[in-house]
Amino acid sequence: MSTTGAPIAIAGHGFENPVIPGFHPDPSVCRVGEDYYLACSSFEYFPGVPIFHSRDLVHWTQIGNVLDRPSQLRLPADTTPSSGGVYAPTLRHHDGVFWLIVTNVSDGGNLLVTATDPAGPWSDPIRLPGVGGIDPDIVWDENGDCLCTVAGVSQVRIDPRTGETIGEQRSVWSGTPGAHAPEAPHLYRIGEYWYLLIAEGGTERGHGVSIARGAAPDGPFEPCPANPIITHRGTSRPIQNTGHADLVQGPDGSWWMVLLGARPRGGTPGWHVLGRETFLAPVTWVEGWPVVGELNPHMDPPAWPLDSVAVSPVRDEFDASELAPEWISLRSRSIETCTTKERSGWLTLRARGASLDERDVNFIGRRQAHLSCRVRALIDPADGLGGIGVRMDERHHYEIEVEDGRVRVVARIGSVRTTVAEREWTAGPAVLRIDVVPLTHTDSLSEPDRLRFGVEGVGGVDGEGDFAVLAELDGRYLSTEVAGGFTGRVIGMYAARGTVHFDWFDYEQTD
């Protein structure tokens, strides 16, 4: 698959990390010729496993979602809690076919899908009931046998065409003594050795990446004396929680690592609100071991030419018959409850659950990808109740909604749900707006950001032009450190009663 656009020069300060911002954790990457493809975890959101394309490892365009049909992905509301669902894919290319192996912890465990075009369609899943564990990796040895390695770290041979296991699953490495949660294994043949890369220390501040090598893909493995080869634990660096990595070689022979990380802000203990994001770091080899370069917000670019790529519009007018791949729903989506075909140029949502507190609420959103941003949407509540909201999970969300000539701001924090502000609104369409404003002061009690909720088109209010601010809320309560789990903020639209229509949705990064 070729990229879009012509090569461009990168400014002298290099490229910016993260290379895929927002809630895009557990990256797995492969190169096919001059093209790179990358997949991430998606948890309780549908469609599952976003997949990206790049020609330079820096500029990425989402080209689809791997699990985009109910026959591929079931996320039952009664058995799929927030941060359940789809964990840690591994994406590989072998014998002209793309292979993706992943765990659905809410429906059957490990599964394998294939495609000849990474943009899809992908096959219905081959189930792997004999493979225990999460974070599966797939690789082929010199004899053509397929090995699956999972968190733990254990390994079993499989028939990838049928999903049957061959022999017993056995432990191949326990990771660094004293480091908990050995996970995210990836196995590679590089030179004379097989290298086993893993994450350790949990996916919080203690996260790190370690590696071992051996003469055979099933070990025994010798750990690198410099393990962990990357971690930011115990530092004050702006990027934390570094781990869950994958390696890829560039066309010039250079090596690179993609990995997840987080950007905590505010005072102690620091809150990251965007979830775990995808970062890029250079890798060199010293005496047969990889050495990971500095992982900074600004990096020197790869040595080969960089390509400009198409970026999906931040404003969606809902004129297309199908939604862009960036739009994700909670657990499921059907044309009966979410469609652009009923009212031309509008997105129509029909309510299921009665609020964002419910697992089956009809919510469709995009990952918050910037620390400072503005979201606006034109809503026609018709005979229903709906609005736009910022979601972490069912117990942590803020929203502004319209119903029966009233507009209100609602906050759910843990077990407390409250209407923060409310005012009358003339019946009919309304432009709802959310501003996410990061804070610059760094005292020990400061929150990471504030979220302003209001309505446009009501006349000048407090110097804000036609933006009437109804409420300003503390952003720390919509962070991983408060909510827990593995996801980040998703901002989008919802219907909580009846039928609600949206004419457009606009997301923009702000200064």
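The values are calculated or read from the model by the stated rules, or taken from the named source; none is laboratory data. This structure is a prediction, so every number in the text was calculated from the model and none was measured. No Cβ is skipped: glycine too gets one built from the backbone with ideal geometry, and neighbour counts run over all protein chains shown.
Pull up segment 410-443, narrow it to residues that are of a type in the set (Ser, Thr, Tyr) and touching a strand residue (DSSP E or B) at 6+ places or on another chain (Cβ under 8 Å), then point me to the one that is farthest from Phe505 (Cα to Cα). Selected residue: Thr418.
Looking across Val500, Val407, Val461, one residue alone is aliphatic (A, V, I, L, M) and at pLDDT below 95. It is Val461. For segment 151-174, a tally of residues being assigned to a loop (DSSP other than H, G, I, E, B), more than 26 Å from Gly275 (Cα to Cα) and touching a residue at least 24 places away in the same chain (Cβ under 8 Å) returns 7. Restricting attention to segment 399-436 and to residues that are more than 27 Å from the chain's Cα centre (by Cα) and not in a strand (DSSP E or B), the residue that is surrounded by the most Cβ atoms within 10 Å (Cβ to Cβ) turns out to be Trp425. Flag not set for Asp511, criterion: over 24 Å from the mean Cα position of the chain (by Cα), of a type in the set (Asp, Glu) and at pLDDT below 90. Could you run through segment 139-155 and say how many residues are surrounded by fewer than 23 Cβ atoms within 10 Å (Cβ to Cβ) and either touching a Ser or Thr at 6+ places or on another chain (Cβ under 7 Å) or on the phi > 0 side of the Ramachandran plot (or both)? Counting residues in segment 139-155 that are surrounded by fewer than 23 Cβ atoms within 10 Å (Cβ to Cβ) and either touching a Ser or Thr at 6+ places or on another chain (Cβ under 7 Å) or on the phi > 0 side of the Ramachandran plot (or both) gives 3.
Of all residue pairs spaced 6 or more apart or on separate chains, none has beta-carbon atoms under 6 Å together with a first member in segment 93-114 that is assigned by TED's automatic domain parsing to the domain that holds Leu187 and a second member that is acidic (Asp, Glu) and surrounded by fewer than 17 Cβ atoms within 10 Å (Cβ to Cβ).
Scan segment 240-263 for residues that are without any contact (Cβ under 8 Å) to a residue 24 or more places away in the chain and closer than 16 Å to Tyr37 by Cα and the total you get is 0. Closer than 21 Å to Leu91 by Cβ and out of contact with any Phe, Trp or Tyr (no Cβ under 7 Å at 6 or more places or on another chain), is that true of Gly144? In short, yes. Within segment 371-385, the presence of a residue that is outside any strand (DSSP E or B), within 30 Å of Ile239 (Cα to Cα) and of a type in the set (D, E, K, R) is excluded. Being among the charged types (D, E, K, R), more than 22 Å from the chain's Cα centre (by Cα), within 16 Å of Glu317 (Cα to Cα) and in a loop (DSSP other than H, G, I, E, B) is a property that Glu336 lacks.
Report whether or not Asn143 is over 20 Å from Thr203 (Cβ atoms) and free of Cβ contacts under 8 Å to residues at least 12 places away in the same chain. Yes; evaluated as a whole, the condition is true for this residue. Being surrounded by fewer than 22 Cβ atoms within 10 Å (Cβ to Cβ), part of a loop (DSSP other than H, G, I, E, B) and out of contact with any Asp or Glu (no Cβ under 8 Å at 6 or more places or on another chain) is a property that does not hold for Pro81.
Here's a check for you: in segment 368-398, which residue that is basic (Lys, Arg) and surrounded by fewer than 24 Cβ atoms within 10 Å (Cβ to Cβ) is farthest from Arg433 (Cα to Cα)? Result: Arg395.
Results for (1) closer than 29 Å to Gly484 by Cα; (2) in the same structural domain as Ile211 (by TED's automatic domain parsing); (3) of a type outside the set (D, E, K, R), shown as yes or no for each residue.
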position	(1), (2), (3)
Ala262	yes, yes, yes
Arg265	yes, yes, no
Gly270	yes, yes, yes
Val273	yes, yes, yes
Thr278	yes, yes, yes
Pro282	no, yes, yes
Val291	no, yes, yes
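Criterion applied to Gly275, Gly253, Gly267 was being part of a loop (DSSP other than H, G, I, E, B) and either within 22 Å of Ile190 (Cβ to Cβ) or of a type in the set (S, T, N, Q) (or both), and the one residue passing it is Gly253. One residue stands out among those in segment 496-511 that are of a type in the set (Asp, Glu) and either touching a Lys or Arg at 6+ places or on another chain (Cβ under 8 Å) or part of a strand (DSSP E or B) (or both): the one that is nearest to Glu317 (Cα to Cα), which is Asp503. Every condition in (1) under 25 Å from Asn227 (Cα atoms); (2) part of a loop (DSSP other than H, G, I, E, B); (3) not hydroxyl-bearing (Ser, Thr, Tyr) holds for Leu196 except the one numbered (2).
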